[in-house]
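Comments concern the structure below.
We did not get these values from a lab; they are worked out from the coordinates using the rules stated. In this text the structure is predicted, and so the values were computed from the model without any measurement. Note that each Cβ is placed from the backbone with ideal geometry, even for glycine, and that neighbours are counted across all protein chains shown.
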Amino acid sequence: MAAPRQLLHLLIGGELESVGGSKFRDLSAIEFVGAYGSYAEAYQAWKARAQATVDNAHMRYFIIHAHRLLDPLADGDASQRR
């Protein structure tokens, strides 16, 4: 049986300028939590960090689908690749 395809996801977080926004208050203070080989693994880490910082309304964590940045056509038609 083939191993599942690795889909790189990055988890970052930090304090936002406003509760409803996505602009970080201080880019130099962004926390890189880790890199994960699947969305499920990244989600578990996100959930743990979000729960650990629940008392700070401005703190947010984001899962970045890095595999889409590295190979944006991977989920599309292979004939469109350059």
Fill in: Tilt relative to the chain, helix 39-52 - C-alpha long axis, 0 to 90 degrees, to 10
0 degrees
Worksheet, complete the sentence: Relative contact order in percent for the chain (Cα pairs under 8 Å, 6+ apart) equals 37 percent
Worksheet item: Non-local amide H neighbours of L8 (under 5 Å, H modeled in plane, Pro and chain starts lacking H): which ones?
Response: H67
Discussion item. I need D71, D55 ordered by Cβ neighbour count within 10 Å, fewest first.
Written reply: D55, D71
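Starting with the fewest neighbours, write out L16, L11, L73 ranked by other beta-carbon atoms found within 10 Å of each beta-carbon. Mind showing how you got there, number by number?
Working: L16 17, L11 22, L73 12.
The most exposed by this proxy come first: L73, L16, L11.
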Fill in: For the chain, radius of gyration divided by Kirkwood radius, i.e. Rg to Rh on alpha-carbons
1.08
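For the chain, what does -39500 (n - 2.57) per DSSP helix run (n ≥ 4), summed and divided by total residues, give at 222 nm, in deg cm²/dmol to the nearest 500?
Working: 2 runs with 19 residues, N = 82.
The helix-only estimate for the chain comes to -6500 deg cm²/dmol at 222 nm.
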